[in-house]
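**Q** Just passing along the structure, written as structure tokens.
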Amino acid sequence: MHKKVQALTIPAQRIKIIPDSHPLPKGHDLSDTLIKIRGLKFSRGERMIIDGIDMDIPRKGITAIMGPSGTGKTTLLKLIGGQLHPDAGSIEVDGQNVHKLKTSQLYALRKRMGMLFQSGALLTDLSVFENVAYPLREHTRLSEGLIRQLVLLKLNAVGLRGAAQLMPSELSGGMARRVAMARAISLDPMMIMYDEPFTGQDPISKGVLVKLIRELNNVLDICSIVVSHDVQETLSIADYVYVISDGEIVGHGRPEDCKVSDSEWIRQFIDGLADGPVPFHYPAESVLDDLITGNTKS
Amino acid sequence: MMLLFDKLQSLGHSSLTSLQRLGRGHVFLMQVLPAMEGMLFRPGLLIRQMYSVGVLTLLIIVVAGLFVGMVMALQSYYALVDFGAEDSVSVMVVLSLLRELGPVVTALLFAGRAGSALTAEIGLMKATEQLSGMEMMAVNPIERVIAPRFLAGFLSMPLLAAIFSAVGVMGGYLVAVELLGLDAGAFWSQAVSNVDLYHDLGNGMIKSAVFGFVVVWIAVFEGYDCVPTSDGLGKATTRTVVHSSLAVLGLDFVLTALMFSE
């Protein structure tokens, strides 16, 4: 079952396949792929952000994409959602090539995707209730009574039914993300993408978000993609983990295997080491040239 | 020599950047114009923006119009009284307001108040990922956010210019008749007999519609295209006011030359 992922064309000198020692959780079937990424490349100007990634994300379960800041994780989510166009390669979501769809087809696909942005991305001129109702009002012709019931159910699922009438400016960061989660599931999507859900949260909020991501995934039985650099929280809920660095996959496997991996890339990331394959120093001339002899151009 | 090349390179780069922005602005406009039809089915979006862009700009327009009209009357009186032509004060005030000051000053105030607010609002929505969030909810932000603001601004400008001119004339009346003691009948009869509905009022309205289109185009584009940082947002807001003002003044010359040349 797992061989399919191992067979992907990932740069041989860097990739470390994590041993297949743990059984996959029930329902985490890698052969039933929802998102298939092949040879994906994306650059901004001359800087390569994503450099030839291959990835399979199963239809059910939580897949974590981890890696240091600035390595293209959020960009990858935007590419999956069709908000960015790749330089090369393809992304298929539920059998549809995202970047070959017409606008109307892409929007139809997005109705089946939920996305939680790092900031929550709540519409600031609408109340919590109206934010969650927004996709329902835009895409359905449900009666006002039914919309009210659905919205309150979604808010109840994230524990914020009592905050329905608050404005986004009255919410804490953690509450805003929970409202965004309720909004993301309002159309009962087949997948939810979480962009850095734990960043800047206090331990209690982190715990709540971890619990909600796990529970929502279990209850809705969907595909969840969590992009994060919060190691402990992410590993505690993920069924499968991809580790990205400099736009390439440097390892993938189950969370248990990540923790014991001997890959220097993964070790540096998991253990939070200041120096390693991701260097402490930004590339520069030697200290001698730069500071003593003054040979380099400033 | 190297310095010269550096200067040339810098000039070329900034020229290319400006051309790119101009191109993006036109592509953006081509996306916004077809999205207007959505307003037919959701008039509520337009009405909300008309309030935000138009009604909330009313106070500054009324106050400015009143004072401009008063100053115009005063200056005209001082200039004309030496020639015994003070009865023509109303003609000076009304024609200046309808042809030039109404559309131009309203557009400048509109750019400063509503234009900068539009840029800041849209830019902040971009910076806080609200526009991206809408896209991911399969909602086109051009239709839901940009088009209502664009149409509201375009429709509001001629109305605001008309109010500016009307209040300006009243300000001129107050100064000329109530303060300086000119005859009220002469004031109104001179004004009515020397103003042509199409040539003066009509052209003034056309001017204000053109200014409204340009100002609101610049404002929403700057917001939508801004770098989503506090610095980028600040620069975009400044650009809106500066570019809009220059565009209004430049266009005013062109339109005046076309409309009022004999």
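Read the figures in this text as sums done on the coordinates, not as results from a lab. Everything numeric here is computed off the predicted structure, so don't read it as measured data. Glycine also receives a Cβ, built like all others from the backbone with ideal geometry; neighbour counts cover every protein chain displayed.
**Q** Report whether or not residue B:136 is free of Cβ contacts under 8 Å to residues at least 24 places away in the same chain, over 14 Å from residue B:65 (Cα atoms) and more than 24 Å from the chain's Cα centre (by Cα). Lay out the reasoning, then the answer.
**A** Working: free of Cβ contacts under 8 Å to residues at least 24 places away in the same chain: yes; over 14 Å from residue B:65 (Cα atoms): yes; more than 24 Å from the chain's Cα centre (by Cα): yes.
When the stated conditions are applied, residue B:136 passes them.
**Q** Please pick out the residue among A:249, A:192 that is outside any helix (DSSP H, G or I), out of contact with any helix residue (DSSP H, G or I) (no Cβ under 6 Å at 6 or more places or on another chain), under 23 Å from residue A:80 (Cα atoms) and of a type in the set (Val, Ile, Thr).
**A** Working: A:192 fails: out of contact with any helix residue (DSSP H, G or I) (no Cβ under 6 Å at 6 or more places or on another chain).
When all the criteria are applied, what remains is A:249.
**Q** Looking at residue B:101, is it under 25 Å from residue B:247 (Cα atoms), more than 14 Å from chain A (Cβ to nearest Cβ) and under 26 Å from the mean Cα position of the chain (by Cα)?
**A** Considered against the rule, which asks whether it is under 25 Å from residue B:247 (Cα atoms), more than 14 Å from chain A (Cβ to nearest Cβ) and under 26 Å from the mean Cα position of the chain (by Cα), residue B:101 comes out as yes.
**Q** Can you find, within segment B:186-202, the residue that is farthest from residue B:25 (Cα to Cα) among those that are buried (at least 16 other Cβ atoms within 10 Å of the Cβ) and in contact with a Leu (Cβ under 8 Å, 6 or more places away or on another chain)?
**A** Applying the first criterion (buried (at least 16 other Cβ atoms within 10 Å of the Cβ)) to segment B:186-202 yields B:186-187, B:190-191, B:195, B:200-201.
Next, only the ones that are in contact with a Leu (Cβ under 8 Å, 6 or more places away or on another chain) stay: B:195, B:200-201.
Values: B:195: 38, B:200: 32, B:201: 31 Å.
Only one residue fits best here, namely B:195.
**Q** A follow-up question, please. Considering only segment A:201-211, I want to know if a residue exists there that is under 22 Å from the mean Cα position of the chain (by Cα), touching a residue at least 12 places away in the same chain (Cβ under 8 Å), surrounded by 19 or more Cβ atoms within 10 Å (Cβ to Cβ) and outside any helix (DSSP H, G or I).
**A** yes
**Q** With respect to residue B:144, is the statement that it is closer than 22 Å to residue B:34 by Cα, within 14 Å of chain A (Cβ to nearest Cβ) and surrounded by fewer than 21 Cβ atoms within 10 Å (Cβ to Cβ) true?
**A** It is true that residue B:144 is closer than 22 Å to residue B:34 by Cα, within 14 Å of chain A (Cβ to nearest Cβ) and surrounded by fewer than 21 Cβ atoms within 10 Å (Cβ to Cβ).
**Q** How do the strands (runs of 3 or more DSSP E) wholly within segment A:49-116 filter down when requiring 1 or more residues that are surrounded by fewer than 16 Cβ atoms within 10 Å (Cβ to Cβ) and more than 10 Å from chain B (Cβ to nearest Cβ): which remain? Walk me through how you get there before you give the answer.
**A** Working: elements: A:61-66, A:88-93, A:113-116.
Result: A:88-93.
**Q** Do you know which residues across segment A:119-155 are within 14 Å of chain B (Cβ to nearest Cβ), out of contact with any Pro (no Cβ under 6 Å at 6 or more places or on another chain), surrounded by fewer than 19 Cβ atoms within 10 Å (Cβ to Cβ) and not in a helix (DSSP H, G or I)?
**A** Of everything in segment A:119-155, those that are within 14 Å of chain B (Cβ to nearest Cβ), out of contact with any Pro (no Cβ under 6 Å at 6 or more places or on another chain), surrounded by fewer than 19 Cβ atoms within 10 Å (Cβ to Cβ) and not in a helix (DSSP H, G or I) turn out to be A:125, A:126, A:140, A:141.
Conditions tested, residue by residue: (1) touching a residue at least 60 places away in the same chain (Cβ under 8 Å); (2) under 24 Å from residue A:76 (Cα atoms).
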| position | (1), (2) |
| --- | --- |
| A:248 | yes, yes |
| A:251 | yes, yes |
| A:254 | yes, yes |
| A:258 | yes, yes |
| A:263 | yes, yes |
| A:268 | no, yes |
| A:273 | no, no |
| A:281 | no, no |
| A:284 | no, no |
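**Q** Can you tell which of B:168, B:202 is within 23 Å of the chain's Cα centre (by Cα) and under 26 Å from residue B:84 (Cα atoms)?
**A** On the way: B:202 fails: under 26 Å from residue B:84 (Cα atoms).
Checking each option against the conditions leaves just B:168.
**Q** Here is a follow-up. What is the number of the single condition among (1) more than 14 Å from every other protein chain (Cβ to nearest Cβ); (2) on the phi < 0 side of the Ramachandran plot that residue B:121 does not meet?
**A** It fails just one condition, (1).
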